[in-house]
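The values are calculated or read from the model by the stated rules, or taken from the named source; none is laboratory data. Note that this is a predicted model, so its numbers are computed, not measured. As a convention, Cβ positions derive from the backbone with ideal geometry for all residues, glycine included, and neighbour counts pool all protein chains shown.
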Amino acid sequence: MKQVALITGIAGQDGSYLTELLLSKGYSIVGFDNHSVRMQQLRLRLADNPHRSRVLLELGDVRDRDFMTHLILSSRPDEIYNLAAQSHVGVSFQQPKVTADTALAIKGLLEISLEIHPVARIFQASTSEMFGDSPTPQTEHSNFNPLSPYAEAKLEAHEFLIEFRQRHSCYACAGILFNHESPLRREEFVSRKITRGIAKIVSGDSTELRLGNLAARRDWGHAKEYVEAMWLMLQQERPEEFVVATGKSRSVEEFVASGFALIGENWRDYVVSDQELFRPSDPPDLCGDAAEAYRKLAWQPKIPFAELVREMLLAEIGPENSLAIPRVTGVIPNSSRTR
Ligand code: NAP
Ligand code: GDD
């Protein structure tokens, strides 16, 4: 039977990939976002998709209960993916209220859904940031110790969802997502800032790349694969939380070095670590163990880190310069190395 999915924050990185994944599986999609420019970019991206007539896009705010009620009543979704968020950790120190209000919109969504359409299965995008400086590797059983307003708000949302599920026996679950990137990543995040910065150096438009904390370690995967885990989490017999990660963390410095190596340059000749760009607090090492997702969802990331960096850089510098960048071969997927 034809399935309907509702996606909040659809014009963001994950929303775009999830839309394409669900369309390929035959879903009809109703999605909204509050960012009109990005919404237009999504429309353009979908213009070539043969299934685009199955997507309905609206501008809207996940904090608006009337809007959410109207959308759920009119679309009667089988699945709801809650991706809307002020998702930049650095920005959350300057805008804690907007960050929290958006993260906590899941409370309204759960309540509305339970009241008017309880059959919908709900996915919440939780984050590895909730672990803060908890020892690695982080699993579903690790302690949470949030170090930013973003992480605090996401943790409150996460705990509310679990308690709500226990109280009402509904199908709602949260993916504890570690960093995932792609050419669709916004420029404010370090992976895209690095690849974009390298492209500007290649084109002669810039001579330096100014970054903050180079020592922080993150477990970087590819967004295309992480949205598959979201979908799998809503297809289980019972709702449950899962860590979604590659199992290997690298420092920002290693990301930078991998990118510059692709253009045959030494990153030290271009990169400046600027104290002004450091955050008041920053988890030192986020590295997830996704063994449970592998065991119960049969989910395993396959795109190697080096291929992710290469794809992002190629998307920035354009096909005419791509001959300079060799293909990544013979790399064992991260997860196989660590299991
Ligand atoms: P993203 O690119 O920032 O997408 C989120 C989208 O939601 C943006 O277009 C954003 O627009 C929109 N939005 C913000 N506030 C909204 C509101 N009040 N109402 C409606 N839309 C709103 O983030 P992403 O990388 O796709 O991540 C998707 C979700 O996963 C987020 O909840 C994020 O916190 C979570 N997550 C992501 C990662 C990751 O590594 N990508 C890891 C863990 C968890 P604006 O630009 O206007 O804010
Ligand atoms: N953005 C940014 N810009 N980060 C920098 C910079 C810079 O110039 N220089 C160093 N960094 C460091 C940050 O301090 C952080 O330690 C690391 O690079 C990654 O930063 P981001 O790419 O901004 O991502 P994030 O880890 O803070 O948050 C992302 O991943 C979370 C999951 O762990 C976001 O997608 C969050 O929404 C997500 O929850």
(request) Give PHE67, PHE131 a once-over and let me know the one that is of a type in the set (A, V, I, L, M, F, W, C) and without any contact (Cβ under 8 Å) to a residue 60 or more places away in the chain. (result) PHE67
(message) Condition first: closer than 29 Å to ARG38 by Cβ and among the polar types (S, T, N, Q). Now tell me which residues in region 131-189 satisfy that.
(response) SER148, ASN179, SER182
(request) Of the numbered conditions (1) near ligand 2 (Cβ under 8 Å from one of its atoms); (2) in a helix (DSSP H, G or I); (3) not assigned by TED's automatic domain parsing to the domain that holds ILE80, LYS154 fails exactly one; give the number of that condition. (result) (3)
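Matching residues to (1) more than 30 Å from LEU286 (Cα to Cα); (2) near ligand 1 (Cβ under 10 Å from one of its atoms):
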| position | (1), (2) |
| --- | --- |
| HIS35 | no, yes |
| ASP48 | yes, no |
| HIS51 | yes, no |
| LEU56 | yes, no |
| ASP64 | yes, yes |
| LEU73 | yes, no |
| GLU79 | no, no |
| SER87 | no, yes |
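Can you give me the ranges of the helices (runs of 4 or more DSSP H) entirely in region 204-297 with at least 1 residues that are near ligand 2 (Cβ under 9 Å from one of its atoms), over 20 Å from LEU21 (Cβ atoms) and of a type outside the set (Val, Ile, Thr)?
252-262
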(message) Quick check on this structure: which one of GLN124, GLN166, GLN94 is at pLDDT 95 or above and over 23 Å from TRP231 (Cα atoms)?
(response) GLN94
(message) modelled with pLDDT of 95 or more, within 13 Å of ligand 1 (Cβ to nearest atom) and under 17 Å from the mean Cα position of the chain (by Cα): is that true of LEU83 in this structure?
(response) yes
(message) Regarding region 105-123, can at least one residue be identified that is within 11 Å of ligand 2 (Cβ to nearest atom) and assigned by TED's automatic domain parsing to the domain that holds VAL227?
(response) no
(request) Go through ASN145, ASN179 for me and flag whichever is more than 13 Å from ligand 1 (Cβ to nearest atom) and modelled with pLDDT of 95 or more. (result) ASN145
(message) For the condition modelled with pLDDT of 95 or more, in the same structural domain as GLN138 (by TED's automatic domain parsing) and in contact with a helix residue (DSSP H, G or I) (Cβ under 8 Å, 6 or more places away or on another chain), what is the one hit in GLU265, GLU316, GLU237, GLU228?
(response) GLU228
(message) Between GLN124, GLN166, which is buried (at least 18 other Cβ atoms within 10 Å of the Cβ) and farther than 30 Å from GLY259 by Cα?
(response) GLN124
(request) Any chance you could count how many residues in region 71-122 are touching a His at 6+ places or on another chain (Cβ under 7 Å) and free of Cβ contacts under 8 Å to residues at least 24 places away in the same chain? (result) 0
(request) Hey, could you check region 28-62 for residues that are in contact (Cβ under 8 Å) with a residue 40 or more places away in the chain and part of a loop (DSSP other than H, G, I, E, B) and say which is surrounded by the most Cβ atoms within 10 Å (Cβ to Cβ)? (result) VAL62
(request) Name the residue, out of THR99, THR136, that is within 15 Å of ligand 1 (Cβ to nearest atom) and either crowded, with 16+ Cβ neighbours inside 10 Å or among the polar types (S, T, N, Q) (or both). (result) THR99
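A quick yes/no check of all residues on (1) within 16 Å of ligand 1 (Cβ to nearest atom); (2) under 30 Å from ALA5 (Cα atoms); (3) free of Cβ contacts under 8 Å to residues at least 40 places away in the same chain; (4) surrounded by fewer than 19 Cβ atoms within 10 Å (Cβ to Cβ):
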| residue | (1), (2), (3), (4) |
| --- | --- |
| ALA199 | no, no, no, no |
| HIS222 | yes, yes, no, no |
| VAL243 | yes, yes, no, no |
| VAL252 | yes, no, no, no |
| ALA261 | no, no, yes, yes |
| ASP269 | no, no, yes, yes |
| TYR294 | no, yes, no, yes |
| ALA298 | no, yes, no, yes |
